[in-house]
Amino acid sequence: MIFVIKNEKLRRFLKFVLPWIAIPAVVALGVFAFGEKRYAFISVCVVILATVLFCAGFEKRTVGTRRLIVIAVMTALSVVGRFVFAPIPGFKPITAIVVITAVYLGGESGFMVGALSAVISNFYFGQGPWTPFQMFAWGMIGYIAGLLQNPLKKSRVALGIYGVFAGAAFSCIMDVWTVLWYDNAFHWELYLSAIVTALPFMVSYAISNVVFLLLLGRPFGEKLERIKIKYGV
Amino acid sequence: MKAFADYNPISVFFCIMGVASVGMFCMDPLLLGLSLIGALALFLARNGRAGMKECLWYPLLFLITAIGNPLFNHKGVTVLFVLNDNPVTLESVYYGLAMGCMLVGTLLWFRSFSQIMTSDRLLYLFGAASPKLALILSMTMRYIPLFRAQAEKTNRSQKALGLYKEDNIPDRLKGGLRVFSVLVTWALENGVTTADSMTARGYGIGKRSQFAIFRFRRSDAVLLLLSLAFTALTFTGMGLGKVGFEFFPAVTPVKATPFGVLVYISYGALSLLPAILEISEALRWKSLQSAI
(Lines give C-alpha, C1' and ligand atoms only; values in the text may rest on other atoms or scores of the structure.)
Protein backbone atom coordinates (compact mmCIF):
# COMPACT_ATOMS: atom_id res chain seq x y z
CA MET A 1 0.00 0.00 0.00
CA ILE A 2 1.49 3.30 -1.06
CA PHE A 3 0.25 6.63 0.20
CA VAL A 4 -0.79 8.30 -3.02
CA ILE A 5 -4.27 9.46 -3.90
CA LYS A 6 -4.78 8.47 -7.53
CA ASN A 7 -8.04 10.27 -8.25
CA GLU A 8 -7.20 13.70 -9.67
CA LYS A 9 -10.55 15.25 -8.70
CA LEU A 10 -10.30 14.00 -5.13
CA ARG A 11 -6.79 15.38 -4.89
CA ARG A 12 -7.84 18.80 -6.07
CA PHE A 13 -10.74 18.69 -3.64
CA LEU A 14 -8.44 17.81 -0.74
CA LYS A 15 -6.01 20.56 -1.67
CA PHE A 16 -8.83 23.06 -1.49
CA VAL A 17 -10.46 21.63 1.61
CA LEU A 18 -7.40 21.06 3.78
CA PRO A 19 -6.36 24.67 4.40
CA TRP A 20 -9.80 26.29 4.22
CA ILE A 21 -11.81 23.88 6.31
CA ALA A 22 -9.51 21.61 8.26
CA ILE A 23 -7.45 24.25 9.97
CA PRO A 24 -10.37 26.48 11.05
CA ALA A 25 -11.93 23.24 12.32
CA VAL A 26 -8.79 22.62 14.36
CA VAL A 27 -9.08 26.16 15.75
CA ALA A 28 -12.69 25.48 16.75
CA LEU A 29 -11.64 22.19 18.30
CA GLY A 30 -8.95 24.01 20.27
CA VAL A 31 -11.48 26.49 21.65
CA PHE A 32 -13.72 23.60 22.59
CA ALA A 33 -11.01 21.41 24.13
CA PHE A 34 -8.47 23.72 25.68
CA GLY A 35 -10.58 26.19 27.65
CA GLU A 36 -8.01 28.40 29.31
CA LYS A 37 -5.09 27.55 27.03
CA ARG A 38 -7.01 28.34 23.86
CA TYR A 39 -5.16 31.53 22.95
CA ALA A 40 -1.84 29.76 22.64
CA PHE A 41 -3.44 26.99 20.61
CA ILE A 42 -5.30 29.36 18.32
CA SER A 43 -2.24 31.48 17.68
CA VAL A 44 -0.30 28.41 16.58
CA CYS A 45 -3.15 27.37 14.29
CA VAL A 46 -3.49 30.81 12.74
CA VAL A 47 0.22 31.02 12.09
CA ILE A 48 0.27 27.58 10.49
CA LEU A 49 -2.84 28.41 8.45
CA ALA A 50 -1.30 31.60 7.10
CA THR A 51 1.90 29.83 6.12
CA VAL A 52 0.07 26.89 4.53
CA LEU A 53 -2.22 29.18 2.53
CA PHE A 54 0.74 31.10 1.22
CA CYS A 55 2.54 27.95 0.19
CA ALA A 56 -0.64 26.60 -1.44
CA GLY A 57 -0.88 29.76 -3.52
CA PHE A 58 2.75 29.34 -4.53
CA GLU A 59 2.16 25.69 -5.44
CA LYS A 60 -0.74 26.59 -7.70
CA ARG A 61 0.98 29.33 -9.67
CA THR A 62 3.25 28.47 -12.54
CA VAL A 63 6.68 29.65 -11.51
CA GLY A 64 9.53 29.66 -14.00
CA THR A 65 12.39 27.26 -13.41
CA ARG A 66 14.85 30.10 -12.97
CA ARG A 67 12.80 31.87 -10.35
CA LEU A 68 12.41 28.57 -8.54
CA ILE A 69 16.16 28.11 -8.51
CA VAL A 70 16.84 31.67 -7.43
CA ILE A 71 14.54 31.13 -4.44
CA ALA A 72 16.47 27.97 -3.54
CA VAL A 73 19.80 29.78 -3.96
CA MET A 74 18.76 32.75 -1.82
CA THR A 75 17.45 30.45 0.90
CA ALA A 76 20.67 28.46 0.91
CA LEU A 77 22.70 31.71 1.01
CA SER A 78 20.78 32.99 4.01
CA VAL A 79 21.44 29.75 5.89
CA VAL A 80 25.11 29.63 4.85
CA GLY A 81 25.40 33.28 5.89
CA ARG A 82 24.77 32.19 9.43
CA PHE A 83 27.91 30.06 9.21
CA VAL A 84 30.06 32.57 7.32
CA PHE A 85 29.36 35.25 9.93
CA ALA A 86 29.46 32.82 12.85
CA PRO A 87 32.73 34.36 14.18
CA ILE A 88 30.83 37.57 14.96
CA PRO A 89 28.22 36.82 17.62
CA GLY A 90 24.65 37.99 17.02
CA PHE A 91 25.17 38.78 13.33
CA LYS A 92 22.78 36.89 11.10
CA PRO A 93 22.10 37.96 7.54
CA ILE A 94 18.82 36.02 7.16
CA THR A 95 16.51 39.02 7.53
CA ALA A 96 18.64 41.13 5.21
CA ILE A 97 18.64 38.49 2.49
CA VAL A 98 14.89 37.97 2.83
CA VAL A 99 14.31 41.72 2.46
CA ILE A 100 16.67 42.05 -0.50
CA THR A 101 15.02 39.10 -2.27
CA ALA A 102 11.60 40.62 -1.68
CA VAL A 103 12.67 44.04 -2.94
CA TYR A 104 14.16 42.73 -6.19
CA LEU A 105 12.01 39.65 -6.87
CA GLY A 106 8.66 40.49 -5.27
CA GLY A 107 6.88 39.78 -2.01
CA GLU A 108 5.90 36.23 -2.75
CA SER A 109 9.49 35.15 -3.34
CA GLY A 110 10.42 37.04 -0.18
CA PHE A 111 7.84 35.11 1.82
CA MET A 112 9.07 31.78 0.47
CA VAL A 113 12.73 32.57 1.18
CA GLY A 114 11.87 33.69 4.73
CA ALA A 115 9.69 30.71 5.58
CA LEU A 116 12.05 28.16 4.04
CA SER A 117 15.12 29.69 5.70
CA ALA A 118 13.41 29.20 9.07
CA VAL A 119 12.67 25.52 8.45
CA ILE A 120 16.07 24.73 7.02
CA SER A 121 18.22 26.62 9.49
CA ASN A 122 16.29 24.81 12.23
CA PHE A 123 17.65 21.53 10.87
CA TYR A 124 20.94 22.75 12.31
CA PHE A 125 19.62 24.69 15.31
CA GLY A 126 16.70 22.47 16.39
CA GLN A 127 13.04 22.33 15.36
CA GLY A 128 10.40 23.16 17.95
CA PRO A 129 7.06 24.80 18.52
CA TRP A 130 8.79 28.05 17.58
CA THR A 131 9.42 26.91 13.98
CA PRO A 132 5.98 27.98 12.62
CA PHE A 133 6.37 31.34 14.32
CA GLN A 134 9.80 31.92 12.81
CA MET A 135 8.46 30.87 9.41
CA PHE A 136 5.60 33.32 9.75
CA ALA A 137 7.75 36.15 11.12
CA TRP A 138 10.46 35.97 8.44
CA GLY A 139 7.87 35.27 5.75
CA MET A 140 5.84 38.35 6.62
CA ILE A 141 8.96 40.52 6.87
CA GLY A 142 9.66 39.45 3.29
CA TYR A 143 6.11 39.92 2.10
CA ILE A 144 5.80 43.44 3.52
CA ALA A 145 9.16 44.38 2.04
CA GLY A 146 7.76 43.23 -1.31
CA LEU A 147 4.83 45.62 -0.90
CA LEU A 148 7.25 48.48 -0.19
CA GLN A 149 9.43 47.55 -3.17
CA ASN A 150 9.81 51.00 -4.74
CA PRO A 151 10.74 53.18 -1.75
CA LEU A 152 13.09 50.49 -0.44
CA LYS A 153 14.85 50.19 -3.77
CA LYS A 154 15.33 53.93 -4.12
CA SER A 155 16.39 55.11 -0.69
CA ARG A 156 19.02 53.69 1.61
CA VAL A 157 17.47 55.50 4.56
CA ALA A 158 14.18 53.70 3.99
CA LEU A 159 16.07 50.42 3.79
CA GLY A 160 17.77 51.14 7.13
CA ILE A 161 14.48 52.07 8.78
CA TYR A 162 12.91 48.90 7.47
CA GLY A 163 15.84 46.92 8.94
CA VAL A 164 15.14 48.37 12.39
CA PHE A 165 11.43 47.68 11.95
CA ALA A 166 12.10 44.10 10.85
CA GLY A 167 14.35 43.43 13.86
CA ALA A 168 11.73 44.78 16.25
CA ALA A 169 8.88 42.98 14.48
CA PHE A 170 10.70 39.65 14.58
CA SER A 171 11.37 39.98 18.28
CA CYS A 172 7.77 41.08 19.00
CA ILE A 173 6.20 38.21 17.05
CA MET A 174 8.37 35.66 18.83
CA ASP A 175 7.49 37.20 22.21
CA VAL A 176 3.77 36.82 21.52
CA TRP A 177 4.44 33.12 21.40
CA THR A 178 6.51 33.12 24.62
CA VAL A 179 3.84 35.00 26.55
CA LEU A 180 0.89 33.02 25.23
CA TRP A 181 2.54 29.75 26.01
CA TYR A 182 3.74 30.75 29.44
CA ASP A 183 0.60 32.35 30.77
CA ASN A 184 -2.51 31.05 28.97
CA ALA A 185 -4.07 34.40 28.26
CA PHE A 186 -2.43 37.42 26.73
CA HIS A 187 -1.34 39.88 29.44
CA TRP A 188 0.07 43.20 28.37
CA GLU A 189 2.28 43.52 31.46
CA LEU A 190 3.87 40.14 30.86
CA TYR A 191 4.26 40.92 27.16
CA LEU A 192 5.96 44.21 27.96
CA SER A 193 8.28 42.57 30.47
CA ALA A 194 9.12 39.88 27.91
CA ILE A 195 9.94 42.59 25.38
CA VAL A 196 12.12 44.41 27.92
CA THR A 197 14.07 41.22 28.73
CA ALA A 198 14.45 40.58 25.02
CA LEU A 199 15.59 44.16 24.37
CA PRO A 200 19.30 43.33 23.98
CA PHE A 201 18.39 40.71 21.37
CA MET A 202 16.07 43.13 19.65
CA VAL A 203 18.80 45.76 19.50
CA SER A 204 21.33 43.28 18.15
CA TYR A 205 18.83 42.07 15.52
CA ALA A 206 18.09 45.64 14.50
CA ILE A 207 21.76 46.65 14.32
CA SER A 208 22.79 43.58 12.36
CA ASN A 209 19.85 44.05 10.00
CA VAL A 210 20.78 47.66 9.30
CA VAL A 211 24.47 46.84 8.84
CA PHE A 212 23.73 43.96 6.50
CA LEU A 213 21.07 45.79 4.55
CA LEU A 214 23.29 48.84 4.03
CA LEU A 215 26.39 46.80 3.23
CA LEU A 216 24.75 44.08 1.16
CA GLY A 217 21.75 45.94 -0.25
CA ARG A 218 23.36 47.71 -3.21
CA PRO A 219 25.87 45.04 -4.32
CA PHE A 220 23.37 42.26 -3.83
CA GLY A 221 20.72 44.18 -5.71
CA GLU A 222 23.15 44.87 -8.54
CA LYS A 223 23.93 41.17 -8.76
CA LEU A 224 20.26 40.24 -8.88
CA GLU A 225 19.54 42.95 -11.47
CA ARG A 226 22.47 41.72 -13.53
CA ILE A 227 21.16 38.15 -13.42
CA LYS A 228 17.72 39.44 -14.34
CA ILE A 229 19.09 41.30 -17.36
CA LYS A 230 21.60 38.66 -18.41
CA TYR A 231 19.32 35.66 -18.20
CA GLY A 232 15.83 37.15 -17.93
CA VAL A 233 14.62 35.60 -14.68
CA MET B 1 7.35 -4.98 14.98
CA LYS B 2 9.89 -2.30 14.15
CA ALA B 3 11.47 0.62 15.96
CA PHE B 4 9.35 3.76 16.29
CA ALA B 5 11.69 5.79 14.10
CA ASP B 6 11.33 3.24 11.27
CA TYR B 7 7.59 3.76 10.86
CA ASN B 8 6.33 5.83 7.96
CA PRO B 9 7.06 9.54 8.63
CA ILE B 10 3.37 10.40 8.28
CA SER B 11 2.45 8.10 11.18
CA VAL B 12 5.40 9.28 13.27
CA PHE B 13 4.47 12.91 12.62
CA PHE B 14 0.86 12.49 13.73
CA CYS B 15 1.83 10.40 16.75
CA ILE B 16 4.34 12.91 18.14
CA MET B 17 2.24 15.94 17.21
CA GLY B 18 -0.80 14.37 18.87
CA VAL B 19 1.00 13.76 22.15
CA ALA B 20 2.84 17.07 22.09
CA SER B 21 -0.20 19.20 21.22
CA VAL B 22 -2.01 17.89 24.29
CA GLY B 23 1.10 18.08 26.48
CA MET B 24 1.82 21.60 25.30
CA PHE B 25 -1.54 23.27 25.87
CA CYS B 26 -3.46 21.40 28.54
CA MET B 27 -2.96 22.11 32.23
CA ASP B 28 -4.08 18.78 33.69
CA PRO B 29 -1.23 17.59 35.93
CA LEU B 30 -1.90 13.89 35.23
CA LEU B 31 -1.79 14.35 31.46
CA LEU B 32 1.31 16.53 31.77
CA GLY B 33 3.01 13.89 33.88
CA LEU B 34 2.16 11.18 31.34
CA SER B 35 3.49 13.35 28.52
CA LEU B 36 6.73 14.01 30.42
CA ILE B 37 7.24 10.31 31.23
CA GLY B 38 6.61 9.29 27.62
CA ALA B 39 8.98 11.96 26.29
CA LEU B 40 11.72 11.06 28.75
CA ALA B 41 11.35 7.32 28.08
CA LEU B 42 11.57 7.82 24.31
CA PHE B 43 14.56 10.13 24.55
CA LEU B 44 16.49 7.81 26.88
CA ALA B 45 15.52 4.72 24.87
CA ARG B 46 16.95 6.34 21.74
CA ASN B 47 20.04 7.94 23.24
CA GLY B 48 21.05 5.71 26.14
CA ARG B 49 23.81 6.98 28.37
CA ALA B 50 24.75 9.89 26.13
CA GLY B 51 21.13 11.05 26.37
CA MET B 52 21.30 10.97 30.15
CA LYS B 53 24.17 13.45 30.10
CA GLU B 54 22.22 15.77 27.82
CA CYS B 55 19.22 15.55 30.14
CA LEU B 56 21.22 17.01 33.01
CA TRP B 57 20.15 20.58 32.40
CA TYR B 58 16.43 19.78 32.17
CA PRO B 59 15.99 19.44 35.98
CA LEU B 60 17.57 22.88 36.25
CA LEU B 61 15.07 24.31 33.77
CA PHE B 62 12.30 22.57 35.66
CA LEU B 63 13.45 24.10 38.95
CA ILE B 64 13.76 27.60 37.50
CA THR B 65 10.20 27.44 36.11
CA ALA B 66 8.81 25.88 39.28
CA ILE B 67 10.45 28.45 41.56
CA GLY B 68 10.01 31.37 39.21
CA ASN B 69 6.23 31.11 38.91
CA PRO B 70 5.26 31.60 42.60
CA LEU B 71 7.55 34.64 42.74
CA PHE B 72 5.69 36.41 39.91
CA ASN B 73 2.23 34.90 40.13
CA HIS B 74 0.20 35.92 43.17
CA LYS B 75 -3.14 34.40 42.33
CA GLY B 76 -4.55 31.70 44.61
CA VAL B 77 -6.10 31.63 48.08
CA THR B 78 -3.69 29.62 50.24
CA VAL B 79 -0.92 32.00 51.26
CA LEU B 80 2.26 30.20 52.32
CA PHE B 81 4.29 33.26 53.30
CA VAL B 82 4.74 36.87 52.32
CA LEU B 83 7.85 37.99 50.49
CA ASN B 84 8.48 41.73 49.99
CA ASP B 85 4.76 42.49 50.49
CA ASN B 86 3.81 39.89 47.88
CA PRO B 87 2.02 36.73 48.92
CA VAL B 88 3.49 33.42 47.78
CA THR B 89 0.61 30.99 47.36
CA LEU B 90 0.41 27.21 47.38
CA GLU B 91 -1.63 27.26 44.16
CA SER B 92 1.05 29.11 42.26
CA VAL B 93 3.65 26.62 43.50
CA TYR B 94 1.55 23.79 42.06
CA TYR B 95 1.07 25.79 38.88
CA GLY B 96 4.82 26.33 38.61
CA LEU B 97 5.43 22.58 38.98
CA ALA B 98 2.88 21.85 36.23
CA MET B 99 4.51 24.52 33.99
CA GLY B 100 7.88 22.90 34.56
CA CYS B 101 6.52 19.50 33.52
CA MET B 102 4.97 21.04 30.43
CA LEU B 103 8.11 22.92 29.40
CA VAL B 104 10.50 20.01 29.85
CA GLY B 105 8.06 17.51 28.32
CA THR B 106 7.48 19.63 25.22
CA LEU B 107 11.18 20.33 24.73
CA LEU B 108 11.96 16.63 25.00
CA TRP B 109 9.22 15.67 22.53
CA PHE B 110 10.58 18.15 20.01
CA ARG B 111 14.13 17.00 20.68
CA SER B 112 13.15 13.45 19.73
CA PHE B 113 11.10 14.81 16.81
CA SER B 114 14.15 16.62 15.37
CA GLN B 115 16.29 13.52 15.83
CA ILE B 116 13.81 11.19 14.12
CA MET B 117 12.63 13.54 11.36
CA THR B 118 15.83 13.72 9.38
CA SER B 119 15.75 15.88 6.28
CA ASP B 120 14.74 13.01 3.96
CA ARG B 121 11.74 12.19 6.14
CA LEU B 122 10.69 15.83 6.35
CA LEU B 123 11.06 16.13 2.58
CA TYR B 124 8.79 13.13 2.16
CA LEU B 125 6.20 14.82 4.39
CA PHE B 126 6.44 18.10 2.48
CA GLY B 127 6.35 16.27 -0.82
CA ALA B 128 3.06 14.61 0.07
CA ALA B 129 1.58 18.11 0.47
CA SER B 130 3.43 20.10 -2.18
CA PRO B 131 5.86 18.66 -4.76
CA LYS B 132 7.14 22.08 -5.81
CA LEU B 133 7.98 23.07 -2.26
CA ALA B 134 9.70 19.74 -1.74
CA LEU B 135 11.81 20.35 -4.84
CA ILE B 136 12.94 23.76 -3.58
CA LEU B 137 13.65 22.31 -0.16
CA SER B 138 15.73 19.45 -1.47
CA MET B 139 17.73 21.75 -3.78
CA THR B 140 18.37 24.12 -0.90
CA MET B 141 19.54 21.26 1.29
CA ARG B 142 22.02 20.30 -1.40
CA TYR B 143 23.21 23.88 -1.90
CA ILE B 144 24.13 24.40 1.73
CA PRO B 145 27.15 22.05 1.88
CA LEU B 146 28.09 23.11 -1.67
CA PHE B 147 28.08 26.81 -0.76
CA ARG B 148 29.92 26.20 2.49
CA ALA B 149 32.69 24.40 0.63
CA GLN B 150 32.83 27.18 -1.96
CA ALA B 151 32.92 29.85 0.76
CA GLU B 152 35.80 28.05 2.44
CA LYS B 153 37.73 27.90 -0.85
CA THR B 154 37.14 31.61 -1.52
CA ASN B 155 38.10 32.49 2.02
CA ARG B 156 41.43 30.66 1.77
CA SER B 157 42.38 32.16 -1.56
CA GLN B 158 41.42 35.69 -0.49
CA LYS B 159 43.42 35.35 2.69
CA ALA B 160 46.38 34.00 0.77
CA LEU B 161 46.19 37.10 -1.43
CA GLY B 162 46.59 39.10 1.77
CA LEU B 163 43.33 41.00 1.39
CA TYR B 164 42.45 40.75 5.09
CA LYS B 165 43.51 39.11 8.34
CA GLU B 166 41.21 37.67 10.94
CA ASP B 167 42.38 39.28 14.15
CA ASN B 168 39.90 42.11 14.72
CA ILE B 169 36.16 42.45 14.29
CA PRO B 170 35.99 45.10 11.51
CA ASP B 171 38.50 43.09 9.49
CA ARG B 172 36.58 39.88 10.08
CA LEU B 173 33.38 41.61 8.99
CA LYS B 174 35.13 42.96 5.90
CA GLY B 175 36.46 39.52 5.09
CA GLY B 176 33.09 37.89 5.67
CA LEU B 177 31.43 40.40 3.35
CA ARG B 178 34.04 39.90 0.61
CA VAL B 179 33.66 36.14 0.73
CA PHE B 180 29.92 36.45 0.84
CA SER B 181 29.81 38.78 -2.13
CA VAL B 182 31.96 36.44 -4.23
CA LEU B 183 29.82 33.52 -3.12
CA VAL B 184 26.60 35.28 -4.15
CA THR B 185 27.79 35.97 -7.69
CA TRP B 186 29.03 32.43 -8.10
CA ALA B 187 25.87 30.90 -6.58
CA LEU B 188 23.46 32.89 -8.76
CA GLU B 189 25.32 32.08 -11.99
CA ASN B 190 25.59 28.45 -10.96
CA GLY B 191 21.87 28.39 -10.15
CA VAL B 192 20.84 29.82 -13.50
CA THR B 193 22.97 27.23 -15.27
CA THR B 194 21.25 24.53 -13.26
CA ALA B 195 17.87 25.95 -14.19
CA ASP B 196 18.75 25.95 -17.88
CA SER B 197 19.94 22.38 -17.63
CA MET B 198 16.68 21.40 -15.94
CA THR B 199 14.62 23.10 -18.63
CA ALA B 200 16.68 21.39 -21.34
CA ARG B 201 15.91 18.03 -19.78
CA GLY B 202 12.19 18.73 -19.76
CA TYR B 203 11.42 20.08 -16.32
CA GLY B 204 7.98 21.63 -16.22
CA ILE B 205 6.59 19.73 -19.20
CA GLY B 206 4.89 16.91 -17.37
CA LYS B 207 3.43 16.66 -13.92
CA ARG B 208 5.88 16.60 -11.07
CA SER B 209 6.10 13.27 -9.33
CA GLN B 210 8.11 12.46 -6.27
CA PHE B 211 10.38 9.63 -5.35
CA ALA B 212 9.91 8.29 -1.86
CA ILE B 213 11.73 5.46 -0.22
CA PHE B 214 9.13 5.12 2.52
CA ARG B 215 6.33 2.60 2.09
CA PHE B 216 3.02 2.96 3.84
CA ARG B 217 2.43 -0.52 5.25
CA ARG B 218 -0.33 -1.96 7.35
CA SER B 219 1.60 -1.38 10.59
CA ASP B 220 1.98 2.30 9.63
CA ALA B 221 -1.75 2.56 9.08
CA VAL B 222 -2.34 0.99 12.51
CA LEU B 223 -0.01 3.47 14.21
CA LEU B 224 -1.61 6.38 12.34
CA LEU B 225 -5.15 5.30 13.26
CA LEU B 226 -4.20 4.68 16.89
CA SER B 227 -2.57 8.11 17.16
CA LEU B 228 -5.53 9.90 15.59
CA ALA B 229 -8.09 7.98 17.67
CA PHE B 230 -6.30 8.48 20.99
CA THR B 231 -5.67 12.16 20.28
CA ALA B 232 -9.31 12.68 19.31
CA LEU B 233 -10.46 10.88 22.46
CA THR B 234 -8.26 13.06 24.66
CA PHE B 235 -9.49 16.23 22.96
CA THR B 236 -13.10 15.13 23.43
CA GLY B 237 -12.47 14.43 27.11
CA MET B 238 -10.95 17.86 27.59
CA GLY B 239 -13.79 19.55 25.69
CA LEU B 240 -16.49 17.81 27.71
CA GLY B 241 -14.69 18.76 30.92
CA LYS B 242 -14.13 15.15 31.94
CA VAL B 243 -10.47 15.87 32.51
CA GLY B 244 -8.95 19.21 33.31
CA PHE B 245 -7.81 21.08 36.31
CA GLU B 246 -8.27 24.48 37.88
CA PHE B 247 -5.36 25.97 39.78
CA PHE B 248 -6.89 29.32 40.63
CA PRO B 249 -8.39 30.46 42.89
CA ALA B 250 -8.18 27.06 44.62
CA VAL B 251 -6.94 23.69 43.41
CA THR B 252 -9.76 21.38 42.32
CA PRO B 253 -9.52 17.66 43.04
CA VAL B 254 -8.83 15.41 40.02
CA LYS B 255 -12.12 14.17 38.61
CA ALA B 256 -12.42 10.38 38.39
CA THR B 257 -15.36 9.84 36.07
CA PRO B 258 -15.29 6.61 34.01
CA PHE B 259 -14.83 8.57 30.80
CA GLY B 260 -12.09 10.62 32.38
CA VAL B 261 -10.22 7.49 33.39
CA LEU B 262 -10.58 6.20 29.85
CA VAL B 263 -9.05 9.44 28.58
CA TYR B 264 -6.11 9.15 30.98
CA ILE B 265 -5.51 5.54 29.95
CA SER B 266 -5.68 6.29 26.23
CA TYR B 267 -3.42 9.33 26.50
CA GLY B 268 -0.96 7.35 28.61
CA ALA B 269 -0.95 4.60 25.98
CA LEU B 270 -0.35 7.13 23.20
CA SER B 271 2.43 8.83 25.12
CA LEU B 272 4.25 5.62 26.04
CA LEU B 273 3.73 3.92 22.67
CA PRO B 274 6.86 5.37 20.97
CA ALA B 275 9.11 4.37 23.87
CA ILE B 276 7.58 0.88 24.04
CA LEU B 277 8.10 0.31 20.31
CA GLU B 278 11.65 1.61 20.53
CA ILE B 279 12.59 -0.50 23.57
CA SER B 280 10.96 -3.73 22.35
CA GLU B 281 12.85 -3.42 19.08
CA ALA B 282 16.13 -2.92 20.97
CA LEU B 283 15.43 -5.97 23.15
CA ARG B 284 14.59 -8.11 20.12
CA TRP B 285 17.82 -7.01 18.45
CA LYS B 286 19.80 -7.97 21.55
CA SER B 287 18.16 -11.39 21.84
CA LEU B 288 18.74 -12.08 18.15
CA GLN B 289 22.38 -11.07 18.51
CA SER B 290 22.89 -13.27 21.56
CA ALA B 291 21.35 -16.19 19.67
CA ILE B 292 24.10 -16.10 17.04
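The values are calculated or read from the model by the stated rules, or taken from the named source; none is laboratory data. The model shown is predicted, which means the values in this text are computed figures rather than measured ones. Note that each Cβ is placed from the backbone with ideal geometry, even for glycine, and that neighbours are counted across all protein chains shown. Side chains included, ligands, DNA and RNA excluded: accessible areas come from the protein's heavy atoms. Shrake-Rupley method; radii C 1.70, N 1.55, O 1.52, S 1.80 Å.
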Taking the Cα centre of segment A:63-231 as origin, work out the dipole magnitude from +1 charges on Lys and Arg Cβ and -1 charges on Asp and Glu Cβ, in debye rounded to 20. 940
Testing the spin-label approximation: label points 7 Å from Cα along Cα→Cβ at B:ILE37 and A:LYS230. State their distance in nm. 6.3
Quick one: which of A:106-113, B:256-263, B:103-110 comes out on top by average Cβ neighbours within 10 Å, and what's the full order, highest first? A:106-113, B:103-110, B:256-263
In segment B:80-112, accessible area falls by at least 40 Å² from chain alone to full assembly (1.4 Å probe) for B:TYR95, B:MET99, B:PHE110
Where does each of A:190-202, B:173-185, A:137-149, A:69-81 land if you order them by average Cβ count within 10 Å, highest first? A:69-81, A:137-149, B:173-185, A:190-202
Only counting protein heavy atoms at a 1.4 Å probe, give the residues of segment A:108-145, ordered by number, whose accessible area falls by 20 Å² or more when the other protein chains are present relative to the chain alone. A:LEU116, A:VAL119, A:ILE120, A:PHE123, A:TYR124, A:GLN127, A:PRO129, A:TRP130
Ignoring ligands, DNA and RNA, how do A:ILE42, B:ILE205 rank by accessible area with a 1.4 Å probe, largest first? B:ILE205, A:ILE42
Computed E for B:THR185/A:SER155 - FRET, C-beta separation, R0 22 angstrom, nearest 0.05: 0.30
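Please compute, for peptide B:177-184, the average count of beta-carbon atoms on other protein chains lying within 10 Å of each residue's beta-carbon.
Across the residues of B:177-184, the mean count of other-chain Cβ atoms within 10 Å is 5.
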Those residues of segment A:48-76 for which accessible area with every protein chain present is at least 40 Å² below the isolated value (1.4 Å probe): A:GLU59, A:THR65, A:ARG66, A:LEU68, A:ILE69, A:ALA72, A:VAL73, A:ALA76
Peptide-level mean, for B:126-132, of C-beta atoms on other protein chains within 10 Å: 4
Give me the percent of the accessible area of the protein assembly as shown that comes from carbon and sulfur atoms, probe 1.4 Å, all protein chains in place. 69
For chain B, accessible area per residue (1.4 Å probe, heavy atoms of protein chains only), Å²: 50
At what distance in nm do the modelled label points of B:ILE213 and A:LEU214 sit from each other, each positioned 7 Å from its Cα along Cα→Cβ? 4.9
Here, B:THR193 and B:TRP285, labelled 7 Å along Cα→Cβ, have an inter-label distance in nm of 4.3
Rounded accessible area per residue of segment A:63-231, 1.4 Å, Å²: 37
Taking 21 Å as the cut-off for C-alpha to C-alpha distance, list the pairs among A:LYS92/B:LYS53; A:LYS153/A:LYS228; A:LYS153/A:LYS223; A:LYS223/B:LYS159; A:LYS230/B:LYS174 that go past it. A:LYS92/B:LYS53; A:LYS223/B:LYS159; A:LYS230/B:LYS174
In square angstrom and rounded to 100, what buried accessible area do you get between chains A and B, total over both, with the probe at 1.4 Å? 6100
Cα gyration tensor of segment A:47-187 - equivalent ellipsoid semi-axes, whole Å, descending: 23, 18, 17
So which DSSP H runs in chain B come out at 20 Å plus along the axis (Cα) with average Kyte-Doolittle of at least 0.0? B:9-25, B:29-54, B:57-72, B:90-116, B:169-200, B:218-239, B:258-291
Just subtract the alpha-carbon distance of B:ALA149 and B:ALA232 from 0.36 nm times their residue separation and send over the number in nm, one decimal. 25.1 nm
